[in-house]
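Some notes on the structure that comes next.
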Amino acid sequence: MPLANVKWSPAVNSHFEVLRLQNFKRRELPDDHDPSQAHRLHFHALILVTGGQGTHGVDFVDYPVKAGTLIHICANQIHYFGQNQELEGYIVVFLPAALPTNLLGLSTSIASPLSWSTIQHIWPSVASLNLETAQFLQQHMELLEAHQIMGAKMQPATQYLLWSMIALAAQVAVESDNPHGRRAVDPRFLEFIELLEQSFESCRNMKWYAEQMSCSARTLYRICMTAVGKSPKVITDERVAIEAQRRLLFDQTTVKEVGQTLGFDETTNFIKFFKRLVGQNPDQFRTKSNP
């Protein structure tokens with residue numbers, strides 16, 4: 001069965017929808033969409049688990065989930081639900097088109113695809129919230145659900161409530177990922193990430209990125225290590241590897257063509273790179289992930 005590209009088709013509202021996890025299985029889905037199989041979203045989603053235990057996959061990593069787990073999925077990311085699990089909670093799916101600008105200090109508009117791909121480097125895919133924080137976020141989602149039921153007459157207030165809920169989710173997720181307390185994201189790290197999202201398909205040279213930022217390669221290394229504990233080369237290689245996996249699963253192209261779109265002139269070099277990062281060669285990955 002071909003892997004599903006899940007496009008925007010809200011049942012109620014043009015910009016967002018709130019769903020209960022426990023009702024999700026009863027919802028009518030397209031024949032080609034099995035939520036427990038890897039699928040790519042063309043919109044954004046937040047999942048707050050309030051009861052039960054299980055797993056959830058985001059970009060080829062399986063995470064344990066339980067009450068208090070917050071899952072964040074950006075457009076174009078791959079995700080899937082664990083099989084045969086009974087979870088309670090909320091799913092909020094939304095488009096960014098009507099939202100105000102700026103989130104987590106990004107310079108690009110929140111509605112920009114570049115902004116959302118950049119956020120993936122800052123906002124953890126899965127975060128574990130304490131009880132008080134999880135309940136506070138749940139209250140926001142419940143209020144948003146009430147606005148959804150009331151309909152379009154509440155739309156201006158609803159748009160700002162949606163923004164508030166997303167901003168809160170981003171803040172608590174980033175803070176939970178930093179055990180030493182809240183720390184502002186270095187604007188220079190954001191500059192590097194935004195530049196990387198524009199250029200990773202054609203450039204993996206750290207000296208070039210440093211030159212574009214008017215700093216030395218050593219300074220760029222220090223910026224990245226301070227921000228996320230990874231070198232700029234590791235960040236870049238991981239970004240290319242994730243994109244390679246996405247394209248191998250969802251694009252009807254050869255391994256050679258995928259490699260070429262990511263800047264590899266020689267297929268053998270792409271295969272070596274992929275195996276080093278993923279642990280198997282591209283053909284093995286494609287067969288195993290889409291039997």
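The values are calculated or read from the model by the stated rules, or taken from the named source; none is laboratory data. Predicted, not measured: the structure shown is a model, and the values here were computed from it. Because the Cβ atoms are built from the backbone with ideal geometry, glycine has one as well, and the counts that use them run over all protein chains shown.
Data overview
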item: Single match in V12, V6 (criterion: at pLDDT below 85, aliphatic (A, V, I, L, M) and more than 20 Å from the chain's Cα centre (by Cα)); result: V12
item: Residue, nearest to F192 (Cα to Cα), within the stretch 89-98, restricted to residues that are at pLDDT 55 or above and surrounded by 14 or more Cβ atoms within 10 Å (Cβ to Cβ); result: P96
item: Residues of the stretch 239-291 satisfying the condition of being within 24 Å of L195 (Cβ to Cβ), surrounded by 14 or more Cβ atoms within 10 Å (Cβ to Cβ) and not hydrophobic (A, V, I, L, M, F, W, C); result: R239, E243, Q245, R246, R247, G259, Q260, T261, G263
item: Count - residues of the stretch 102-147 that are at pLDDT 85 or above, not in a loop (DSSP other than H, G, I, E, B) and not small (G, A, S); result: 16
item: Any pair with Cβ under 6 angstrom, 6 or more apart, that starts in the stretch 142-166 at a residue that is of a type in the set (S, T, N, Q) and ends at one that is part of a helix (DSSP H, G or I) and modelled with pLDDT of 85 or more; result: T158/H147
item: The lone exception for L48 - which of (1) at pLDDT below 95; (2) crowded, with 22+ Cβ neighbours inside 10 Å it fails; result: (1)
item: Some residue of the stretch 200-218 being without any contact (Cβ under 8 Å) to a residue 12 or more places away in the chain, in a helix (DSSP H, G or I) and within 24 Å of the chain's Cα centre (by Cα); result: no
item: Of residues in the stretch 59-76 being more than 19 Å from N130 (Cα to Cα) and buried (at least 21 other Cβ atoms within 10 Å of the Cβ), the one modelled with the lowest pLDDT; result: C74
item: All positions within the stretch 219-266 that are assigned to a helix (DSSP H, G or I), of a type in the set (K, R), more than 18 Å from V58 (Cα to Cα) and without any contact (Cβ under 8 Å) to a residue 24 or more places away in the chain; result: R222, K256
